[in-house]
1. In segment 264-368, which trypsin sites (Lys or Arg not before Pro) fall in coil by DSSP and have 14 or fewer other Cβ atoms within 10 Å?
2. Among residues other than GLU157 whose Cβ falls under 10 Å from its Cβ, what is the net charge (Lys/Arg +1, Asp/Glu -1)?
3. With N residues in segment 314-396, what two-decimal value do you get for its Cα radius of gyration over 2.2 N^0.38 Å?
4. 5 Å is the cut-off here: which amide hydrogens, built 1.01 Å from N in the peptide plane, fall below it relative to ASN162, excluding neighbours closer than 5 in sequence?
5. Apply the Debye scattering formula to segment 1-126, with a single equal point scatterer on each alpha-carbon and no solvent, then give log10 I(q)/I(0) at q = 0.09, 0.22 Å⁻¹.
6. Just the number please: accessible area per residue for segment 120-221, 1.4 Å probe, all protein chains included, in Å².
7. Can you give me the long-range amide H partners of GLY136? Hydrogens built in the peptide plane at 1.01 Å from N, cutoff under 5 Å, separation of 5 or more residues or another chain.
8. Using only Cα positions of the chain, each an equal point scatterer, no hydration layer, compute I(q)/I(0) via Debye at q = 0.09, 0.11 Å⁻¹ and quote the log10 values to two decimals.
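The values are calculated or read from the model by the stated rules, or taken from the named source; none is laboratory data. Bear in mind that the values here come from a model prediction, so they are computed numbers and not experimental data. Here Cβ is always computed from backbone atoms with ideal geometry, including for glycine, and neighbour counts include all displayed protein chains. Side chains included, ligands, DNA and RNA excluded: accessible areas come from the protein's heavy atoms. Shrake-Rupley method; radii C 1.70, N 1.55, O 1.52, S 1.80 Å.
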Amino acid sequence: MKTFRIGGVHPHENKLSAGQKIQNVPLPKQAVVLLAQHLGAPATPVVEKGTEVKVGQLIATASGFISANVHSPVSGKVAKIDTIVDGWGLKTPAVFIDVEGDEWLDTIDRSDKLNTICKLEPAEIVKKVGEAGIVGLGGACFPTHVKLAPPPGKKAEVLVVNAVECEPYLTCDHQLMMEHGEEIMVGVSIIMRAIGVTKAIIGIENNKPDAIKYMTELASKVMGVEVLPLKLKYPQGGEKQLIDACIHRQVPSGALPIEVGAVVQNVATVYAVYEAVQKNKPLIERVVTVTGKFVAKPGNFRVRFGTPLNDILAMAGGIPENTGKIIAGGPMMGRAMSNTDMPANKRISGLLLMPQEESKRKEPQNCIRCAKCVSVCPMGLEPYMLAKQAGLGLWDEMEAIHVMDCIECGCCLFTCPSNRPLLDYIRMGKNKVGGIIRARNMKK
């Protein structure tokens, strides 16, 4: 069975919410819609205090090339445009909407009828995806319309759909396939048309046999689409690792997937593309997994953006008393939050509630030069060296040994027998080096 060739680890799966049907989270009294739900600059608001909005209405436009539109996930009246402190203590701009009913734009098709026919030209598809504010829902939140328009001179050969969901605990993508597989398959065809390819591979890890079986049945009816079962290994959901596993090509250092003819899209993003193109529905909601070993009712929840995270947690039975950390995302690449007052947004795929005993870091010891971090790094880097250089502020040296290739998967931290905070140092260094590179490029 296929997998990627370099590094990787095998953390416990802990898919506690597997098989739990998607539940709808009730609308909040007030939705706080972030203007920075994507990679790039925050969107620019096109509404003001007192503006009446409907579900799906554009409330902020993309600011620049790497940015995305933001739409109202609720109907009601704009109370204010202000900043809030997010779950990591950072100030971010947002539109506050007092919810009044649930009135949708007439242009959005809310029926459950499957719409399989798309007559749009590739450029029209890309434009519609951009207008809908769709971003990568696997975590990076890169604007999807940019990915669907390769730069001049670059040609896509294959669409790779990331249905791996390799992060422990998370099950939202798995359940989305089980409940909306037909729509996802139409979405795959639409993206194939948009990027001009005749082949698509849907990669699914073999701990999801029901999804593999169901999606294989559906793919058999669509020309050029293949479902590829993959050997269980983290971080197989990384773009470069998934490309290696599916088409046996390795993306060069510093390059993008298009360099080897691949375009990668998360399965939830594919579903969002279907809804945008076939139903005229912008990205206003997503499925979020709420889970943890002591969570009363782990599950998968469809939530409108702007809904307080506390409302989602309440659907899962609330926060257990022995909770030590609440992580946005999974345990490997997710980040611990300082508060749960922030709203749901395009970035958050899961909420993991970790008990006190598992959330405490062990005391770091001296490096014993075992090189385990090197052997598991899926990017072929030397994490021990990068961490040491970050601690010493050796930014040029870090750039020279490709710190910007780090995908922050946490394999090095996971495997280190000395409990060294390798990823923390590398993230800090990567941040600094990235800033230096951007400043250097601006001078050119």
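1. LYS360, ARG361, LYS362
2. Charge balance in the 10 Å sphere: +3.
3. 1.45
4. GLN265, ASN266, VAL267
5. -0.43, -1.22
6. It amounts to 36 Å² per residue over segment 120-221.
7. Hits under the 5 Å cutoff: CYS141, PHE142, THR144.
8. Taken in order of the listed q values, log10 I(q)/I(0) reads -0.57, -0.88.
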